[in-house]
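The values are calculated or read from the model by the stated rules, or taken from the named source; none is laboratory data. Just so you know, these numbers come straight off a predicted model, no measurement behind them. Counting neighbours? That spans all protein chains shown, and the Cβs are built from the backbone with ideal geometry, glycine included. The area values use the complete protein model at the heavy-atom level, side chains included, leaving out ligands, DNA and RNA. Shrake-Rupley method; radii C 1.70, N 1.55, O 1.52, S 1.80 Å.
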Amino acid sequence: MKIVDAKVIVTCPGRNFVTLRIVTDAGVHGLGDGTLNGREKAVVAYLEDHVIPCLIGRDPQRIEDIWQYLYKGAYWRRGPVTMTAIAAVDTALWDIKAKLAGLPLYQLLGGKSRDGLMAYSHANGRDVAETLDAVEAHLAVGYRAVRVQSGVPGLDKVYGIAPGGKAYEPAQKGLPQETIWSTEKYLDHVPRLFEKLRARVGFGPHLLHDVHHRLTPIEAARLGKALEPCRLFWMEDPTPAEDQEGFRLIRNHTVTPIAVGEVFNSVWDCKHLIENRLIDYIRATVVHAGGISHLRKIAALAELHQVRTGCHGATDLSPVCMGAALHFGIAVANFGIQEHMPHTAETDAVFPHDYRFENGFLLPGETPGHGVEIDEALAARYPYDPAYLPTARLEDGTVWSW
Ligand code: KDG
Ligand code: MG
């Protein structure tokens, strides 16, 4: 069997997505997500100029061999652009293999280890009152776990909060916006928010919070300690993860569980944190961490150290990534939780899929493959529209981590 064609489809049904479609001479095709938020065109060029010419004529069934060829053969290993491009190929090849077998992908990954994937949603509000209401609304539709972000008094724009009560979308049209950050104001606000939240909803629902790389290790230690009475499911990205030893300092001070890794792209990013038991959940997911093949290796290392998965699932990960992540998550031994930020109706129409949300759980479907397709005619009606994540500065003008 041979790969006879491969094509990159860029579409913007409300936000930009990059999708790779690989076609075989057996009449079967596969899809892979290659979306890298704000750097989409870099992955498109990597795929079109450097990867696709090498794929034509190869046997699509040799998934591991093609993965190794693309990883080792480039000489320049790792990095978000390379690993997202490899992930797009790998996901499409697993889709093809499962379609050839006539099985949903999870069957090829060992079958179901659970009945459904506990999902967490995003509740946010401009102030405490709005945030508490948003959490209750998410619990009312069945979520058992909710990530909570709130506006901070004295700060104009805050990560995770949409202006005017709209659904939150991280990337904004046009060039990157600048936002102002104050650690002091944030640290004063967040523990009080969660105290009020627990007083309102009790200790039944799981509550999560994303610090989004903003704190130094000692500040993150202080936050984790302050939040202990509120028993969070996790505190995410408490400090930039390049400083991996910084997590030891946080760990030495608090038992609030830690989740890290949505920006990681290989097992080498995860190794030190996992082996040294500095985190509890690993957030790497299919599209940015080398596809199903590589994510399985990350999860296997994590399993040895009782670290569980918590795959990234924001709107910039296309339904193709979500479909693949759900097949992975239902099969992997050490699944923890799956992020769920529903896509717009336009996106769902461009990417017909058979996964669904039911009673707090996400469920992959039974269609052979990963169960997500693309309507190319509809996709062509939404051309690429540049959009970027914001940037952050301290109140004195210093560039900070967003
Ligand atoms: O592209 C970046 C977003 O996906 C990210 O800001 C969202 O932190 C995020 C999350 O936890 O979903
Ligand atoms: Mg995050």
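Remarks
- Considering only the stretch 108-366, percent of DSSP beta bridges that pair antiparallel, nearest 5: 20
- The stretch 350-401 versus the stretch 108-149: alpha-carbon centroid distance in Å: 17
- Sequence-distant aspartates and glutamates (8 or more away, or on other chains) whose Cα lies within less than 12 Å of residue 185: 156, 395
- The listed residues 25, 115, once ranked by accessible area (1.4 Å probe) with the largest placed first, stand as 115, 25.
- Over the residues of the chain, the helix contribution to mean residue ellipticity at 222 nm works out to -10500 deg cm²/dmol, using -39500 (n - 2.57) for each DSSP H run of at least 4.
- Max mean-square fluctuation residue, GNM over the chain, Cα-Cα springs under 10 Å, options 87, 140, 45: 140
- The chymotrypsin sites (Phe, Trp or Tyr not before Pro) of the stretch 1-104 meeting both criteria, a DSSP state outside H, G, I, E and B (loop) and at most 10 other C-beta atoms within 10 angstrom of the site's C-beta, are 75, 76.
- Stretchable slack from residue 252 to residue 177, in nm (0.36 nm times residue separation minus alpha-carbon distance): 23.4 nm
- Considering every alpha-carbon pair of the chain, the percent of pairs per 10 Å bin, from zero through the bin containing the longest distance, is 5, 23, 34, 26, 10, 2, 0.
- Residue 385 sits with roughly 60 Å² accessible to a 1.4 Å probe, with DNA, RNA and ligands left out of the calculation.
- Convex hull of the stretch 18-67 built on C-alpha atoms - directionally averaged projected area, nm²: 3.6
- Taking the Cα atoms of the stretch 84-188, the ratio Rg/Rh between the radius of gyration and the Kirkwood radius comes to 1.14.
- Per residue solvent-accessible surface (Å²) - the chain, probe of 1.4 Å: 39
- Pairs of alpha carbons in the stretch 280-402 whose separation is greater than 25 Å (percent): 35
- In summary, the lysines within cross-link reach of residue 112, defined as a Cα separation below 22 angstrom excluding same-chain residues under 8 places away, comprise 97, 99, 297.
- For the chain, relative contact order (Cα pairs under 8 Å, six or more residues apart, normalised by length) works out to 23 percent.
- Percentage of interatomic Cα-Cα distances in the stretch 287-357 larger than 19 Å: 32
- Debye intensity ratio I(q)/I(0), log10, the stretch 3-104, q values 0.21, 0.24 Å⁻¹ (C-alpha model): -1.05, -1.31
- Here r is the Cβ-Cβ distance between residue 48 and residue 130 and R0 is 56 Å; the resulting FRET efficiency, rounded to 0.05, is 0.80.
- Semi-axis lengths (Å, descending) of the ellipsoid that matches the C-alpha gyration tensor of the stretch 235-326: 22, 14, 11
- Carbon and sulfur %, accessible surface of the chain computed with the full protein complex present, 1.4 Å: 53
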